[in-house]
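There's a structure below that I have some questions on.
The values are calculated or read from the model by the stated rules, or taken from the named source; none is laboratory data. Model, not experiment: these values are computed from the prediction. Neighbour counts are summed over all protein chains in view; Cβ atoms, including those assigned to glycine, are modelled from backbone coordinates with ideal geometry. What goes into the accessible areas is simple: the full protein's heavy atoms, side chains included, and nothing from ligands, DNA or RNA. Shrake-Rupley method; radii C 1.70, N 1.55, O 1.52, S 1.80 Å.
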There are 2 protein chains.
Amino acid sequence: MRFRSFFFSSSIFSLSHSRSPSLSSSRFSSLSAAMSPALEKSRQGNGGCNDDSKSKVTVVGSGNWGSVAAKLIASNALKLPSFHDEVRMWVFEEVLPNGEKLNDVINKTNENVKYLPGIKLGRNVVADPDLENAVKDANMLVFVTPHQFMDGICKKLDGKITGDVEAISLVKGMEVKKEGPCMISSLISKQLGINCCVLMGANIANEIAVEKFSEATVGYRGSREIADTWVQLFSTPYFMVTPVHDVEGVELCGTLKNVVAIAAGFVDGLEMGNNTKAAIMRIGLREMKALSKLLFPSVKDSTFFESCGVADVITTCLGGRNRRVAEAFAKSRGKRSFDELEAEMLQGQKLQGVSTAREVYEVLKHCGWLEMFPLFSTVHQICTGRLQPEAIVQYRENKL
Amino acid sequence: MRFRSFFFSSSIFSLSHSRSPSLSSSRFSSLSAAMSPALEKSRQGNGGCNDDSKSKVTVVGSGNWGSVAAKLIASNALKLPSFHDEVRMWVFEEVLPNGEKLNDVINKTNENVKYLPGIKLGRNVVADPDLENAVKDANMLVFVTPHQFMDGICKKLDGKITGDVEAISLVKGMEVKKEGPCMISSLISKQLGINCCVLMGANIANEIAVEKFSEATVGYRGSREIADTWVQLFSTPYFMVTPVHDVEGVELCGTLKNVVAIAAGFVDGLEMGNNTKAAIMRIGLREMKALSKLLFPSVKDSTFFESCGVADVITTCLGGRNRRVAEAFAKSRGKRSFDELEAEMLQGQKLQGVSTAREVYEVLKHCGWLEMFPLFSTVHQICTGRLQPEAIVQYRENKL
């Protein structure tokens with residue numbers, strides 16, 4: 001894939017965004033066609049960086065998406081002179097069925113055999129089961145764990161992060177509490193005292209792992225420079241990353257789209273057709289935008305045209321487990337509960353869409369906004385059995 | 001379906017748009033549950049309208065979409081006091097296999113047996129094979145024919161339209177000429193000397209015919225009042241219409257989305273997965289927006305969040321013949337031509353997406369904009385065999 005120079009980097013996107021550094025060099029494609037990344041980096045010299053000034057990256061998390069993120073980052077760290085070659089990855093220790101430890105196997109085989117089997121992460125990825133040790137000396141932290149682990153991780157790292165450290169969160173599904181959403185990027189910023197960007201988008205991890213063309217959005221606050229560094233670290237010819245100055249908008253997209261996916265699943269289960277599905281996805285996108293702007297007036301409309309917005313809604317409503325289980329729920333005409341279907345279809349994993357719909361409903365009720373968000377409200381009421389799945393396109397009087 | 005009062009009318013949409021008159025009356029749902037539309041209209045009285053002040057509607061066109069439009073309009077004309085009950089429909093005369101004339105059969109059976117079999121249009125729809133007679137006395141003209149017929153129709157009606165007449169175009173697929181797009185609404189306005197709105201959206205006719213929930217967008221220039229009248233005439237509980245003050249944006253969406261559908265078909269044919277498809281749809285929507293704004297600076301970003309924008313892109317890229325034939329083209333790795341596949345798959349119908357892609361390419365080349373629109377440019381070059389289908393996500397040097 002390195003041999004391709006994708007046209008998208010020198011296109012319409014440069015109308016509103018400067019090109020990402022890793023794609024803008026015309027030397028990149030010709031060089032990369034001729035030599036290995038390590039040779040290329042060596043030939044480019046250290047770019048004025050001595051070892052101390054090079055950025056050290058640690059990936060905190062090692063699930064399916066975390067492993068793919070490590071692969072993307074590792075390939076760029078090797079190529080780019082401003083980064084240390086080595087990329088550390090904190091891997092929650094598990095003993096595999098054959099008795100081996102997951103960290104040992106990753107370091108021996110260069111594969112996360114449990115969460116991303118068959119994909120080489122890059123020889124420069126080093127797994128480490130010790131969280132504190134993994135982040136030691138790193139000045140770029142990539143958080144990519146299930147959101148319920150983030151509170152504990154931040155507490156464990158409290159006081160351990162010193163110096164000029166930047167973070168990015170790939171964590172989807174933050175909690176939406178009555179007093180407002182609990183943004184993971186804010187949690188990281190506040191608890192660790194560091195700046196935190198986010199990366200979201202239409203990113204089914206297994207498709208990116210096999211280098212199918214995808215896009216993502218980096219949301220940042222403050223300095224554009226650090227956003228460009230993250231873009232540089234993640235971008236590959238098959239993974240196009242765009243920075244937008246709207247961390248809240250990007251992060252809320254990553255959570256709220258799961259509620260829309262539940263609605264789309266109902267439409268599929270009831271076989272309502274493509275017009276209805278498109279209408280429900282559009283109304284969902286519109287409610288995502290409206291709610292985000294009510295919660296954070298700084299949120300921009302244009303964010304919803306980015307990968308984190310419309311594209312992630314599309315991917316999640318075409319595939320994805322939220323849509324799939326909601327489809328099964330609607331097919332059963334609500335006779336089987338989400339808990340039952342989850343247990344049967346997802347081997348104990350929980351659906352984010354159902355809990356997010358409940359949390360969003362509580363916010364809407366608390367703020368007196370229920371009538372302004374009929375789709376979000378109705379999804380929750382269908383999930384809890386108060387409305388039939390058919391209600392996704394109708395309002396039966398006195399039930400809202 | 002009349003018994004449902006859809007919640008969407010009293011929701012978030014009223015943040016930016018006033019409710020459509022036919023949905024805003026709380027009396028509507030209770031009344032309609034209790035009596036027939038004719039009785040309801042009679043009970044409501046003539047609403048201060050004498051027969052002369054009532055609007056008379058003629059639908060010019062009677063294909064699949066035209067017949068569904070007539071059905072929607074006919075149901076509202078019966079109910080609303082400001083409209084004449086009778087809705088005329090100009091039907092291009094055809095002799096059916098059994099020797100009967102299509103106009104006679106429609107007037108006898110109340111069905112367009114050729115283009116919308118099995119669906120009653122409403123007893124108040126009157127088919128007329130004589131174009132001039134059909135539009136005589138009408139003050140609201142609904143144009144819904146294949147776009148290549150519009151020039152001839154306008155010429156035939158030249159000088160025949162007098163008085164205070166309003167038009168709306170449901171015609172998709174206008175021509176995009178080097179000197180700019182030839183908007184059907186402009187053609188109608190200029191040739192007939194009347195104001196012309198447009199109605200576009202995620203509207204697969206057969207799904208609306210069986211009353212599945214759908215949305216549409218009315219684009220208007222000038223007076224909002226006339227837009228509200230069109231919204232009133234088309235809206236039903238299962239067909240939600242929103243007016244936007246951007247006739248060019250709405251109309252361009254209806255044409256350009258077919259180019260995006262060709263791109264989506266390539267992605268499907270190459271089995272590139274959902275991330276890639278979502279990315280290509282998003283980039284397509286973005287190029288639609290950028291090109292529309294370059295051609296008409298008055299075009300609004302928000303139009304692309306409406307049904308005519310994101311929802312129509314979704315519907316067209318999920319189903320639709322443009323996507324389907326492009327998928328077959330990509331599966332053959334470009335070995336079978338579009339002409340050949342069209343002939344085989346569409347019984348002689350022509351694909352709008354392929355010709356629109358060519359027309360758009362000519363505009364882009366003429367204006368020096370090719371590099372700003374890599375997706376539109378690449379679709380055309382794949383269609384003509386200059387690039388392989390795989391190029392939809394890549395740029396091979398010196399081939400653009």
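Please specify each residue of region A:260-309 satisfying the condition of being among the hydrophobic types (A, V, I, L, M, F, W, C) and under 18 Å from A:Lys331 (Cβ atoms).
A:Ala261, A:Ile262, A:Ala263, A:Ala264, A:Phe266, A:Val267, A:Leu270, A:Met272, A:Ile280, listed by residue number.
Further question on the same structure: From the residues in region B:296-307 that are of a type outside the set (D, E, K, R) and buried (at least 19 other Cβ atoms within 10 Å of the Cβ), which one is farthest from the other protein chains (Cβ to nearest Cβ)?
Here the answer is B:Val299.
Which of the residues spanning region A:85-104 are in contact (Cβ under 8 Å) with a residue 24 or more places away in the chain and open to solvent by 40 Å² or more (accessible area, probe 1.4 Å)?
Across region A:85-104, the qualifying residues are A:Asp85, A:Glu86, A:Arg88, A:Phe92, A:Glu93, A:Lys101.
Among the residues of region B:93-115, how many are part of a loop (DSSP other than H, G, I, E, B) and either outside the structural domain of B:Glu207 (by the TED database) or touching a helix residue (DSSP H, G or I) at 6+ places or on another chain (Cβ under 8 Å) (or both)?
The total comes to 7.
Now for a separate question. Which condition number does A:Val310 fail, the rest of (1) open to solvent by less than 20 Å² (accessible area, probe 1.4 Å); (2) more than 10 Å from chain B (Cβ to nearest Cβ) being met?
(2)
Output the residue which, of all residues in region B:261-298 that are closer than 22 Å to B:Tyr361 by Cβ and basic (Lys, Arg), is nearest to the chain's Cα centre (by Cα).
The extreme case among them is B:Lys289.
Would you mind telling me which numbered condition in (1) under 24 Å from the mean Cα position of the chain (by Cα); (2) modelled with pLDDT under 75 A:Asn50 fails?
(1)
Restricting attention to region A:15-32, does a residue exist that is at pLDDT 95 or above, of a type in the set (S, T, N, Q) and not in a helix (DSSP H, G or I)? Spell out the reasoning first.
Looking only at region A:15-32, we keep the residues that are at pLDDT 95 or above, and these are none.
No, region A:15-32 has no match at all.
OK, next. With the condition kept exactly as written, say whether any residue in region A:186-205 is in a helix (DSSP H, G or I), open to solvent by less than 50 Å² (accessible area, probe 1.4 Å) and among the hydroxyl-bearing types (Ser, Thr, Tyr).
Among the residues of region A:186-205, at least one is in a helix (DSSP H, G or I), open to solvent by less than 50 Å² (accessible area, probe 1.4 Å) and among the hydroxyl-bearing types (Ser, Thr, Tyr), which makes the answer yes.
Which of (1) part of a helix (DSSP H, G or I); (2) over 14 Å from the mean Cα position of the chain (by Cα) is the odd one out, the single condition A:Lys212 does not satisfy?
(1)
Just for region B:325-342: of the residues that are at pLDDT 95 or above and either under 15 Å from the mean Cα position of the chain (by Cα) or of a type in the set (D, E, K, R) (or both), which one is surrounded by the most Cβ atoms within 10 Å (Cβ to Cβ)?
This residue is B:Glu327.
Looking at region B:67-77, can you tell me whether even one residue there is among the small types (Gly, Ala, Ser) and open to solvent by 10 Å² or more (accessible area, probe 1.4 Å)?
yes
Need the failing condition index for B:Thr255 against (1) hydroxyl-bearing (Ser, Thr, Tyr); (2) modelled with pLDDT of 95 or more; (3) over 24 Å from A:Met200 (Cβ atoms), just the number.
(2)
If I ask for residues that are more than 14 Å from chain A (Cβ to nearest Cβ) and open to solvent by less than 10 Å² (accessible area, probe 1.4 Å), which ones from region B:214-228 would you list?
B:Val218, B:Gly219, B:Ala227 - these are the residues of region B:214-228 that are more than 14 Å from chain A (Cβ to nearest Cβ) and open to solvent by less than 10 Å² (accessible area, probe 1.4 Å).
If B:Asn322 satisfies every condition in (1) within 14 Å of another protein chain (Cβ to nearest Cβ); (2) more than 24 Å from the chain's Cα centre (by Cα); (3) in contact (Cβ under 8 Å) with a residue 12 or more places away in the chain but one, which is the exception?
(2)
Oh, and also: Give me the residue from region B:229-287 that is assigned to a helix (DSSP H, G or I) and open to solvent by 10 Å² or more (accessible area, probe 1.4 Å) and, out of that set, farthest from the other protein chains (Cβ to nearest Cβ).
Looking at the filtered set, the residue picked out is B:Thr229.
Can you name every residue in region B:333-354 that is free of Cβ contacts under 8 Å to residues at least 24 places away in the same chain and either farther than 20 Å from B:Pro146 by Cα or assigned to a helix (DSSP H, G or I) (or both)? Working first, answer last.
Taking region B:333-354 and keeping what is free of Cβ contacts under 8 Å to residues at least 24 places away in the same chain, we get B:335-336, B:339-344, B:347-348, B:350.
If the condition is that a residue be free of Cβ contacts under 8 Å to residues at least 24 places away in the same chain and either farther than 20 Å from B:Pro146 by Cα or assigned to a helix (DSSP H, G or I) (or both), then B:Lys335, B:Arg336, B:Asp339, B:Glu340, B:Leu341, B:Glu342, B:Ala343, B:Glu344 are the ones that fit.
Does B:Ser298 count as in a loop (DSSP other than H, G, I, E, B), of a type in the set (S, T, N, Q) and either in the same structural domain as B:Lys212 (by the TED database) or under 25 Å from A:Glu306 (Cβ atoms) (or both)?
Yes; evaluated as a whole, the condition is true for this residue.
Does A:Val354 satisfy being crowded, with 22+ Cβ neighbours inside 10 Å, away from chain B (no Cβ under 14 Å) and among the β-branched types (Val, Ile, Thr)?
So A:Val354 fits the description; yes.
Restricting attention to region A:202-226, report how many residues are within 15 Å of A:Val142 (Cβ to Cβ) and touching a residue at least 40 places away in the same chain (Cβ under 8 Å).
Of the residues in that region, 7 qualify.
Take region B:377-397 and flag every residue that is under 19 Å from A:Tyr238 (Cα atoms), within 10 Å of chain A (Cβ to nearest Cβ) and either modelled with pLDDT of 95 or more or assigned to a helix (DSSP H, G or I) (or both).
Within region B:377-397, B:Thr378, B:Glu390, B:Ala391, B:Ile392, B:Val393 meet the criteria.
Criterion first (modelled with pLDDT of 95 or more and open to solvent by less than 40 Å² (accessible area, probe 1.4 Å)) does A:Gly319 satisfy it?
Here the answer is no, as A:Gly319 does not meet what is asked.
Something else now. State all residues of region A:143-173 that are part of a loop (DSSP other than H, G, I, E, B) and touching a Leu at 6+ places or on another chain (Cβ under 8 Å); if no residue qualifies, say none.
Matches in region A:143-173: A:Val144, A:Asp158, A:Ile161, A:Val165, A:Leu170.
Take region B:140-170 and flag every residue that is among the polar types (S, T, N, Q) and surrounded by fewer than 19 Cβ atoms within 10 Å (Cβ to Cβ).
Filtering region B:140-170 for residues among the polar types (S, T, N, Q) gives B:145, B:148, B:162, B:169.
Answer for region B:140-170, where residues must be among the polar types (S, T, N, Q) and surrounded by fewer than 19 Cβ atoms within 10 Å (Cβ to Cβ): B:Gln148, B:Thr162.
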